[in-house]
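The values are calculated or read from the model by the stated rules, or taken from the named source; none is laboratory data. Computed from a predicted model, the values in this text were never measured in an experiment. So basically every Cβ, Gly included, is an ideal-geometry build from the backbone, and we count neighbours across all protein chains shown. Note: accessible area is taken over every heavy atom of the protein model, side chains too, but ligands, DNA and RNA are not part of it. Shrake-Rupley method; radii C 1.70, N 1.55, O 1.52, S 1.80 Å.
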Amino acid sequence: MQTVFTPERLADPQLASSEKILRSCVHCGFCTATCPTYVLLGDELDSPRGRIYQIKDMFENNRPATKEVVKHIDRCLSCLSCMSTCPSGVHYQHLIDHAREHVELTYTRPFADRALRALLGKLLPSPTLFRLSLLASYFAKPLKPLFSGRMRAMLDLAPKTLPTKSPFANQSVFPVAGSKGRVIVTRGCVQSVLAPHINEAAVRVLNRAGYEVVMRADEGCCGSLNHHIGKVETSHTQAKRLIDQWMLEIDLGLDAILITASGCGTTIKDYGFMFKDDAEYAARAALVSSKAKDISEFITGLELVNVTGEKPVVTYHSACSMQHGQQLKEGPKLILKRLGLTVKEPQEGHICCGSAGVYNILQPEIAAQLRERKVNNLLKTAPEIIVTGNIGCMTQIGFGLDIKGKVLPVLHTIEVVDWLTGGTKPDVIPK
Ligand code: SF4
Ligand code: SF4
């Protein structure tokens, strides 16, 4: 695609980087077929190619974002399905991130939208505030029928009961005698409150395999959430704090930084790019990114033996951040198969479930359609258990099953691995 930028404007490294991405698009349109919003809405402006044109026009003319452009950018899930499909290697992720930042800097959203985004950007990265907000939503749940739109979506997604605080919450190091290595497991913000048992399972699996685990009690947010809503300053501050913390651990000797929420993993693996023009943080960010791995990548190299004899039929839902963001497609399924499980896959496995960070709150109508479509496809496989690697998908799919009155366990891959290799059987599995 031809672009028109003056050399002066291209002196801005971020714009230069986006211009390169724009030029790599040959507007073939292959990506439209796998874009969830285009599939649902059928509007070219809600396709990857259409969004690329709108972003190009905005950047080339150095224009503030308009209401119309913001509508189509906001509707993008950042699922990155288009990146998996694109034959020209267009790095849509970096382009849409830049566009969201531009929107945040040049467009004044209506007050309610601004307030909600600010609230989400504050609440979700703080486990303490998030826990309090869940407590409040627990009391507000009976009033749910009185609400609609985004407020209703928030109440829908809040769990019926609040999980108790993890016994691992205040411990930062999980040692093991004669350890063969040392790894970090990231706590995560939302996940540490909604499903602390996921990281407990990860610690048990890694300890049994001989790895000392660091899971810092004072860990902060990785910045993923604010990054995806264009609040770049906040997300960079959060990321830098974490990089500083992890550099201390790297200096002590560290094999890997393991992430159990693939949404966060996609962002942490991108720190190298995010800070490439930051003289102070570029090298540190690149080092942290090079150590970052999804938990499934790391445990692929471990000896995993099913000691229980239990072999449920599972359906694997690949989170977009896993299959498109990190291009981890076969690994998690192979782990489950190595444990003797029959692993099914739903139709349209490449299409997002509608969770996408806080998309299911900010765009509840589109998210609900995607959720319904995903849950229907999952149910067609007649699973005993649904397995995935991202807390956002677990919540979204769990709610979709609830609506249909279906009682089905939705587990994280590492919970299944822990259970079958001699750890704890998840509470939701019948004894
Ligand atoms: S598939 Fe790639 S090259 Fe083709 S229109 Fe989409 S982004 Fe552009
Ligand atoms: S990231 Fe997802 S929703 Fe956004 S344009 Fe690409 S495929 Fe469509």
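Which condition number in (1) more than 16 Å from ligand 2 (Cβ to nearest atom); (2) modelled with pLDDT of 95 or more is the one that Pro383 fails?
Failed condition: (2).
If a residue counts only when it is open to solvent by 40 Å² or more (accessible area, probe 1.4 Å) and touching a residue at least 12 places away in the same chain (Cβ under 8 Å), which helices (runs of 4 or more DSSP H) contained entirely in the range 208-293 have at least 3 such residues?
Those helices (runs of 4 or more DSSP H) span 232-251, 282-291.
Thr300 fails exactly one of the following numbered conditions: (1) of a type in the set (Val, Ile, Thr); (2) open to solvent by less than 30 Å² (accessible area, probe 1.4 Å); (3) farther than 23 Å from Tyr359 by Cβ. What is the number of that condition?
It is condition (2) that Thr300 fails.
Could you tell me how many of the residues in the range 297-318 are in contact with a helix residue (DSSP H, G or I) (Cβ under 7 Å, 6 or more places away or on another chain), part of a loop (DSSP other than H, G, I, E, B) and under 16 Å from Ala202 (Cβ atoms)?
The qualifying residues number 2.
Got at least one residue in the range 160-167 being within 25 Å of Leu411 (Cβ to Cβ) and surrounded by 18 or more Cβ atoms within 10 Å (Cβ to Cβ)?
yes
Please determine whether any residue of the range 327-339 is without any contact (Cβ under 8 Å) to a residue 60 or more places away in the chain, more than 15 Å from ligand 2 (Cβ to nearest atom), more than 19 Å from the chain's Cα centre (by Cα) and under 23 Å from Val407 (Cβ atoms).
Checked the range 327-339: no residue is without any contact (Cβ under 8 Å) to a residue 60 or more places away in the chain, more than 15 Å from ligand 2 (Cβ to nearest atom), more than 19 Å from the chain's Cα centre (by Cα) and under 23 Å from Val407 (Cβ atoms).
Matching residues to (1) out of contact with any strand residue (DSSP E or B) (no Cβ under 8 Å at 6 or more places or on another chain); (2) among the hydrophobic types (A, V, I, L, M, F, W, C); (3) more than 30 Å from Gly272 (Cα to Cα):
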{"position": "Leu95", "(1), (2), (3)": "yes, yes, no"}
{"position": "Lys122", "(1), (2), (3)": "yes, no, no"}
{"position": "Pro125", "(1), (2), (3)": "yes, no, no"}
{"position": "Leu135", "(1), (2), (3)": "yes, yes, yes"}
{"position": "Tyr138", "(1), (2), (3)": "yes, no, yes"}
{"position": "Lys141", "(1), (2), (3)": "yes, no, yes"}
{"position": "Leu155", "(1), (2), (3)": "yes, yes, yes"}
{"position": "Ala158", "(1), (2), (3)": "yes, yes, yes"}
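Quickly run through the range 387-418 and pick out the residues that are of a type in the set (Ser, Thr, Tyr) and open to solvent by less than 30 Å² (accessible area, probe 1.4 Å).
Passing the criteria: Thr388, Thr413.
Check the range 378-390 and report whether any residue there is under 23 Å from Lys293 (Cβ atoms) and of a type outside the set (Val, Ile, Thr).
Yes: one or more hits.
Count, please, the residues in the range 56-83 that happen to be within 16 Å of ligand 1 (Cβ to nearest atom) and within 25 Å of Gln323 (Cα to Cα).
10
State whether the residues of the range 117-125 include one that is among the small types (Gly, Ala, Ser) and either at positive phi or away from ligand 2 (no atom under 11 Å from the Cβ) (or both).
Within the range 117-125 (the criterion being among the small types (Gly, Ala, Ser) and either at positive phi or away from ligand 2 (no atom under 11 Å from the Cβ) (or both)), the answer is yes, since at least one residue qualifies.
With respect to Gly349, determine if the residue is under 29 Å from Phe298 (Cα atoms) and crowded, with 22+ Cβ neighbours inside 10 Å.
no
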